[in-house]
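Since every read-out is calculated from the coordinates, none of them should be taken as a lab result. In this text, all values refer to a predicted model and were calculated from it rather than measured experimentally. FYI the Cβ positions are ideal-geometry reconstructions off the backbone, even for glycines, and counts take in every protein chain you see.
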Amino acid sequence: MRSRGELKLIRTFAIVMSMTAVCFAQSAREIARVAFKSVVLLEMRDGNGQPLSLGSGFFISNSIIATNAHVIAGASSGSAKVVGDAHSMQILGTVAVDSHADLALLKVNGSAPALTLGSGVNLSVGDNVYVVGNPLGLEGTFSEGNISAVRKLDADSILQMTAPISPGSSGGPVMDSGGTVIGISVATFQSGQNLNLAVPVSYLLKLIAAQSKDASPLGKPKISDQPTKSMLDSIGTRTETGLTVSDYHLGVGDYGKYSFRLTNKLPVEISGPKLLILYYDASGSLMDFEDYTFAGRIPAGLTKTVANDFGSEESKRAADYYGSNNLTPKIEIRVVTFHEESSE
């Protein structure tokens, strides 16, 4: 039996913890109010001073803005404007760029309050997230969603979320229920129905630690020691020699049914090949993707025909897109991994 004093202490502790949780969690309105003071609209220009791209960014410290590397790609100059502010700040250059994680740190001739950065740990599927950006140049757009997946891209990780983003949102902050930055908006798949991606804040923390004191002119960034190939390009790019995919067919008018052939060119049996099916739009941009695992085995030197007679949510969306636009399907299948059985 617990004493009366122990029970009172437990009740007091529970009340304190409940109050603490309430204090740490913020309303969506409060998160938006704070974030708008730190988020900027980026307008990039080419060597002739002509508009090149629009994007988003946010202050992480005095005069330093975080954004995506692809937002500033090819730009010779640019400006940053805090949401709702009429004054534009000149971008003086970059103090760090990580092309692999698609991140950049910009130095400007002005400042605004910095957003609080998280640690990047303890992220879970289902967590609420809030995104601020400037989709299609519409300043200060605030959206809400949740983390729908934490995807592994070889040695990297990326956040998949349902919070809607659009072109112009790239580089904007992704925040948790406490208003802390946990990621940076990086991409959205057209026709993907809330299939949006963000770079985890852990990559940004590493870039901040490696930043230079002096800014380099746009177009001549000081690159970090990370690989120059974007980790987004590695979505399923790790191929395994010995297994090939051929004869893919998507039933455009047939509820997204699809089929393809898997050929094992190895001298041993393989099992459980994992594939990534990529769907591209008319411009060649990735608009959706799905994971596929073949549950069976493929004997050495033989071919198996895979047929999905029910289709998937992804293939149905792609089929609808291709059919409604009268397009020939643009699809790629990449082999991610498989298991080689013992030859003994």
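The table below gives the values:
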| quantity | calculated |
| --- | --- |
| Kirkwood Rh, Cα atoms: Rg over Rh of the range 120-189 | 0.96 |
| Total charge dipole magnitude, the range 243-340, about the Cα centre, Cβ charges on Lys, Arg, Asp, Glu only, Debye to nearest 20 | 300 debye |
| Relative contact order (%) - criterion: Cα under 8 Å, at least six apart; region: the range 243-340 | 40 percent |
| For HIS100, HIS249, HIS339, order by how many other beta-carbon atoms lie within 10 Å, fewest first | HIS339, HIS249, HIS100 |
| Derived scalar couplings ³J(HN,Hα) [the range 306-312; Karplus, 6.51 cos²θ - 1.76 cosθ + 1.60; whole Hz; x for Gly, Pro] | 9, 9, 9, 6, 9, x, 10 |
| Net charge over other residues, Cβ less than 9 angstrom from the Cβ of ALA101 (K, R count +1; D, E count -1) | -2 |
| From phi via Karplus (6.51, -1.76, 1.60), per-residue ³J(HN,Hα) for the range 282-294 in Hz, x at Gly/Pro | 4, 8, x, 8, 5, 10, 6, 7, 8, 8, 9, 10, 7 |
| Sorted peptide list for 198-206, 172-180, 261-269, criterion being average Cβ within 10 angstrom, highest first | 172-180, 198-206, 261-269 |
| Difference of contour (0.36 nm per residue) and Cα-Cα distance, LEU153 to ASP291 | 48.4 nm |
| Neighbour-count order for ILE331, ILE298, ILE184, fewest beta carbons within 10 angstrom listed first | ILE331, ILE298, ILE184 |
| Nearest-20 debye value, the range 286-344 charge dipole, Cβ charges on Lys, Arg, Asp, Glu | 220 debye |
| Violating pairs (Cα-Cα greater than 25 angstrom) within the set LYS81/LYS213; LYS81/LYS107; LYS206/LYS274; LYS274/LYS316; LYS37/LYS107 | LYS206/LYS274 |
